[in-house]
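Scroll down for the structure; my scribbles are underneath it.
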Amino acid sequence: MIVRAPFFGGNWKMNHGPTEARRFVESFAELHRTAEDRTVVFFPPALSLAEFREAASGRPDLLLGVQDIYWEKQGAFTGAVSAPLAKDAGAQFVLAGHSERRHVFGDSDEDVARKVGAIAGEGLVPVLCVGELLDERERGEADAVVRRQMEIGLSELDREAIASAIVAYEPVWAIGTGRTARSEDASAVHRLAREILSGLVGNAAARSIPIIYGGSVKPNNIEDLLSAEEVDGVLVGGASLDPEAFAQICGAGSGSGQH
Ligand code: PEP
């Protein structure tokens, strides 16, 4: 599928069940009018997907994703969701390697690679999340961590599949902390990510892969982040739970996102 930049992702994490999801969509749809020049994707809890879809049935521009999958297609894996199940439920995107999956649930780089492979294998768009911990940044290891997470995370994809993926740079110290990376620091890592992608798929294809930023994105810092070099969009946690805040964020970058 064609993903237009800027990309705005709302990761609801373990918030907004079906009832709240419906309420959210009703308010958000009033506040954010369809805009052709951007991509807006929600990652609700899997249990809220059906209600979200129904509430947003008149808004095909509000796309859906899931927050994680297990790499097997089906079977005795209690509690897990697979890529085919996500697709059947209407998801087009899947997060893989979100920092909470890595650091709370213990997903390894290899686990993330298998998930990315399963997502792309189903024709869904993997959003590979990478990013360093605070102590890794302080030790000067941020670049090495991002390189390792990207190279292993994308290792099960061929060039064509990599060209259809999205990379989200989310420094772990900025997620849910109210601390945002300075736009020049984000740009520096995004430049590195672009270079890594160029090495994997060549310059031309790498240019069209969205590299998005995540970490305490709010209405008051979105314009600054979005105008930073190499930042093609954002992945938003906390602020995506509030229809007004997220509509403001999704309207950024054009002056005409909301009309
Ligand atoms: C996230 O969960 O991907 C995220 C960036 O969260 P927050 O915006 O709350 O920092």
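Some points to look at:
- D (Stokes-Einstein, µm²/s), Kirkwood Cα radius, the chain, 1.567 mPa s at 4 °C: 72
- Cα→Cβ-extended label distance, 7 Å offset, between Asp242 and Asp185, nm: 2.3
- Other residues within the sphere of radius under 9 Å centred on the Cβ of Ser254, judged by their own Cβ, net out at 0 (K and R +1, D and E -1).
- Each principal axis of the Cα atoms in the range 112-258 has its own extent, and those three values, largest first, are 39, 37, 26 angstrom.
- Modelled FRET efficiency - R0 35 Å, Ala89 with Ser254, Cβ distances, 0.05 increments: 0.70
- Cα-centre dipole for the chain with unit charges at Cβ (Lys and Arg positive, Asp and Glu negative), debye to 20: 320
- Computed [θ] at 222 nm, deg cm²/dmol, the chain (DSSP H ≥ 4; -39,500 (n - 2.57); rounded to nearest 500): -11000 deg cm²/dmol
- Nearby aspartates and glutamates by direct alpha-carbon distance to Lys87 (threshold 18 angstrom, same-chain neighbours under 8 apart not counted): Glu51, Glu54, Asp61, Asp68, Glu72, Glu122
- Sparse packing (at most 15 other Cβ atoms within 10 Å of the Cβ) combined with a DSSP loop state is found for the following GluC sites (Glu not before Pro) in the range 191-259: Glu229.
- Across the options Pro210, His16, Gly90, the greatest Cα extent toward the positive end of the charge dipole of the chain (unit charges at beta carbon of Lys, Arg, Asp, Glu) belongs to Gly90.
- For Lys13, a cut-off of 17 angstrom between C-alpha atoms picks up these lysines, skipping any fewer than 8 places away in its own chain: Lys218.
- Counting charges near Ala193 (Lys, Arg +1; Asp, Glu -1) among other residues having Cβ under 14 Å from its Cβ returns a value of -4.
- For the range 1-64, a simple Cβ point-charge model (Lys and Arg +1, Asp and Glu -1, everything else neutral) yields a dipole of about 120 debye relative to the Cα centre.
- Span-like helix ranges in the chain, DSSP H, alpha carbon extent 15 angstrom or more, Kyte mean at least -1.0: 18-31, 109-121, 142-153, 183-201
- Those trypsin sites (Lys or Arg not before Pro) in the range 159-259 that DSSP places in a loop and that have at most 12 other beta carbons within 10 Å: Arg179, Arg182
Bear in mind these aren't lab numbers, they're just calculated from the coordinates by the rules spelled out. All of these numbers come straight from a predicted model, not from anything done at the bench. Note: ideal-geometry Cβ built from the backbone for every residue, glycine included; neighbour counts use all protein chains shown.
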